[in-house]
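Asker: A single structure is presented below for examination.
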Amino acid sequence: MGSIALSEWEHLPIRVDGADRSVTPDQADQLIAGAIAVERKLGMGSGEGASVLVRTHKALCARQVVGVLATGEIDLEILPKIDTLGEQGVRSVLVHMLARAWDLPISDGEAALFSQQEKTLLEVLIRLFCERLFKAVHRGLSRRYLDHEEDLPSLRGRLDIQRQFSANIVTPNRLACQFSELSADIALNQILKATVVQLSKVSRSMRNRRLLMELELAFADISRVAPDRLPWDRVHLDRTDTRYKDLFQLARALMERRWQTTTTGKQVGTALMFEMNTLFEDFIGRHVRSIGRASGRSVSLQGPRHFILKDEKGAPRFATKPDIVVKCADGVHIIDTKWKRLVSADVDTKRGVSQADVYQMLAYGQVYEAKRLTLLYPHHRGLGQESGVIATFTMPQTSVKLEIATVDVAQLKSVPAQCLDLMRWPSAPAIAVAS
């Protein structure tokens with residue numbers, strides 16, 4: 001079984017022999033079938049897989065959905081296009097972006113080490129889950145007192161009088177007991193075990209498979225629950241479960257939100273994929289929200305929802321939902337993120353910015369009475385300048401300014417500072433921010 005890594009928009013040749021970093025026509029069919037399943041799961045595109053992969057006569061072309069698409073014969077990993085970084089570095093950045101979007105703390109060393117030791121994003125996330133679960137389990141499984149009702153030959157706990165003189169009236173030698181018992185067979189552990197079982201089915205890394213096998217033994221006495229019946233709403237973490245908080249978040253991300261199962265003919269595959277526009281929005285949004293809390297700004301993500309028009313009866317129509325709305329003493333600042341590569345001013349004076357995006361931002365400015373509007377893109381060295389605000393436009397006869405800005409996600413440690421710089425109004429004093 002082969003494994004191939006592509007960047008966004010990169011082409012993968014289709015050859016009959018499948019040689020020289022290519023796929024056979026049959027493998028291409030399997031990957032397209034997987035792409036269709038992913039597209040449906042993510043609720044995007046036309047249902048033909050073109051948002052994930054586009055097939056031509058001679059090649060497959062990756063789009064802006066990243067992650068791992070695994071068939072019975074080949075694993076295809078699609079990575080975001082990030083300048084100055086090699087494959088392992090890009091994978092490490094992607095892990096950081098996912099961790100931030102999932103509110104999952106992760107160290108630079110942890111992400112870098114796992115990205116170096118494992119071959120795909122999927123295996124990196126599996127390794128992260130396994131290593132953290134091992135540390136938590138080493139201190140013991142989480143336990144809770146569970147209520148039980150059983151008919152026993154001797155009294156345990158207290159007697160259920162109503163049941164004793166109804167269901168047990170013909171068996172007086174059995175006592176209807178009600179009692180509590182400390183047990184590890186609780187909702188949290190059932191979810192963690194289900195995650196271990198699921199990951200065991202899809203992991204191809206020998207190291208990860210060994211770790212998962214050992215973890216299955218640790219959860220041997222925990223009930224197995226089907227993935228579609230997991231008791232997510234019955235998990236209540238208290239101060240004794242702090243070591244499981246991040247694990248629960250990661251298990252939820254892996255089990256509930258992002259698995260897509262693909263089937264074509266007799267081949268069954270799995271996929272763990274993410275739409276880069278959404279991931280970039282979540283990544284930046286959470287950084288901005290953290291800075292807002294520290295600096296006294298009000299930050300709203302995906303809202304508040306205002307309407308741009310009213311119909312003839314005065315009812316609001318056509319809702320708007322900007323990515324990020326920042327409110328402070330200086331006014332309202334709207335930031336909309338776009339995972340798109342801009343071009344330098346030498347190539348296009350508008351930097352490749354879509355006119356539709358500009359019109360949308362101006363509508364936001366009108367509805368939210370915002371005087372500062374920012375379209376935020378990923379930075380790359382082809383722009384020929386530093387990240388930050390690279391162009392500013394003013395709407396005639398108003399004080400509204402539209403900024404074109406970039407953030408360099410390759411420089412992870414400086415992303416908070418880059419976001420703070422973008423949030424700072426020109427006349428505002430400097431504020432320290434933790435990285």
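Every number in this text was worked out from the coordinates using simple rules, so none of it is lab data. All values derive from a computational prediction rather than experimental measurement. Every residue, glycine as well, gets a Cβ built from its backbone with ideal geometry; the counts of neighbours run over all protein chains shown.
Asker: Cα axis of helix 25-42 to longest principal axis of the chain: angle in degrees, 0 to 90, nearest 10?
Answerer: 80 degrees
Asker: Now for a different question. Fewest Cβ neighbours within 10 Å first, please rank C328, C130 accordingly. Numbers along the way, then the final one.
Answerer: Values: C328 17, C130 23.
The fewest-first ordering by Cβ neighbours comes to C328, C130.
Asker: Let me ask something else. Report Rg/Rh for region 296-423, rounded to two decimals, where Rg is the Cα radius of gyration and Rh the Kirkwood radius. Please report the intermediate quantities before stating the final value.
Answerer: Working: Rg = 15.5 Å, Rh = 15.6 Å.
With Rh from the inverse mean 1/r over Cα pairs, Rg/Rh is 0.99.
Asker: Hey, another quick one. Which ordering of S223, S142, S92 is given by a fewest-first count of other beta-carbon atoms within 10 Å? Before the final figure, lay out each step's value.
Answerer: Details: S223 11, S142 21, S92 24.
So the ranking, lowest neighbour count to highest, is S223, S142, S92.
Asker: Moving to a separate point now. Mean residue ellipticity at 222 nm from the helices of the chain, using -39,500 (n - 2.57) per DSSP H segment of n ≥ 4 over the full residue count, to the nearest 500 deg cm²/dmol?
Answerer: Details: 11 runs with 148 residues, N = 435.
Estimated from H runs of four or more residues: -11000 deg cm²/dmol.
Asker: Ok, one more. Assuming R0 = 60 Å, what is the FRET efficiency of I161 and K41, from their Cβ-Cβ distance, to the nearest 0.05? Don't skip to the end; give the middle numbers.
Answerer: Numbers: r = 52 Å, r/R0 = 0.87.
Approximately 0.70, to the nearest 0.05.
Asker: Also, quick follow-up: For the chain, what ratio Rg/Rh do Cα atoms give with a Kirkwood hydrodynamic radius? All intermediate terms of the calculation are to be shown ahead of the outcome.
Answerer: Numbers: Rg = 26.5 Å, Rh = 24.9 Å.
Over the Cα atoms of the chain, Rg/Rh equals 1.06.
Asker: Relative to the present Cα-Cα distance, how much length would full extension add between N168 and R210 at 0.36 nm per residue of separation? Show your work: numbers first, answer last.
Answerer: Numbers: separation 42, 0.36 × 42 = 15.12 nm, distance 4.94 nm.
Length gained between N168 and R210: 10.2 nm.
Asker: For region 1-42 and region 110-162, what is the centre-to-centre distance using only Cα atoms, to the nearest Å?
Answerer: 37 Å
Asker: Which whole-number percent is the relative contact order of region 34-154 (Cα, under 8 Å, 6+ apart)? Walk me through the intermediate numbers first.
Answerer: Values: 102 pairs, mean separation 16.4, N = 121.
Here the relative contact order equals 14 percent.
Asker: Counting only DSSP beta bridges with both residues in the chain, tell me the antiparallel percent, nearest 5. Display every interim value, and only then the final one.
Answerer: Details: 52 of 71 bridges.
Given both bridge residues lie in the chain, the antiparallel proportion sits at roughly 75 percent.
Asker: Provide the gained length on full extension for the span F318 to H148, in nm with one decimal, where the gain is 0.36 nm per separating residue minus the Cα-Cα distance. Before the final figure, lay out the partial values.
Answerer: Numbers: separation 170, 0.36 × 170 = 61.20 nm, distance 5.33 nm.
Gain on stretching F318 to H148: 55.9 nm.
Asker: Next question. Taking Cα atoms, how many degrees apart are the long axis of helix 206-218 and the longest axis of the chain, rounded to 10 and kept between 0 and 90?
Answerer: Value to nearest ten degrees: 40.
Asker: Expressed as a rounded percentage, what relative contact order does the chain have, with Cα pairs under 8 Å and six or more residues apart? Spell out each step's value before the answer.
Answerer: On the way: 733 pairs, mean separation 54.5, N = 435.
Rounded, it is 13 percent for the chain.
Asker: Give the long-range amide H neighbours of I390: residues separated by 5 or more places, or on another chain, with amide H under 5 Å away, using H modelled in the peptide plane at 1.01 Å from N.
Answerer: For I390, whose amide H was placed from the backbone, the distant partners under 5 Å are I404, A405, T406.
Asker: Let me ask another. Using the 10 angstrom Cβ neighbour count as an exposure proxy, how do H57, H148, H236, H96 rank, fewest first? Working shown, then result.
Answerer: Values: H57 5, H148 14, H236 10, H96 22.
So the ranking, lowest neighbour count to highest, is H57, H236, H148, H96.
Asker: Given 0.36 nm per residue, what is the gain on full extension from Q411 to S290 after removing their alpha carbon distance, in nm?
Answerer: Details: separation 121, 0.36 × 121 = 43.56 nm, distance 1.81 nm.
Here the segment from Q411 to S290 would lengthen by 41.7 nm.
Asker: Which FRET efficiency, nearest 0.05, do A391 and K310 yield, Cβ-Cβ r, R0 35 Å?
Answerer: In this case the efficiency is close to 0.55.
Asker: Hey, what angle do you get for helix 108-117 against the long axis of the chain, alpha-carbon based, 0 to 90 degrees rounded to 10?
Answerer: In the chain, helix 108-117 runs at an angle near 80 degrees to the longest axis.
Asker: Tally Lys/Arg at +1 and Asp/Glu at -1 over every other residue whose Cβ is under 13 Å from the Cβ of S298; what's the total?
Answerer: Working: positive: R289, R293, R297, K327; negative: D330.
Here the charged neighbours net out to +3.
Asker: Also, I was wondering about something else. Take the residue pairs K193/K340; K41/K81; K41/K193; K135/K201 and return only those whose Cα atoms are more than 31 Å apart. Walk me through the numbers before you get to the answer.
Answerer: Numbers: K193/K340 39 Å; K41/K81 23 Å; K41/K193 24 Å; K135/K201 22 Å.
Cα-Cα > 31 Å for K193/K340; rest within.
Asker: FRET efficiency for D238 and W425, Cβ-Cβ distance as r, R0 = 45 Å, nearest 0.05?
Answerer: Values: r = 42 Å, r/R0 = 0.93.
Result of the calculation: an efficiency of 0.60.
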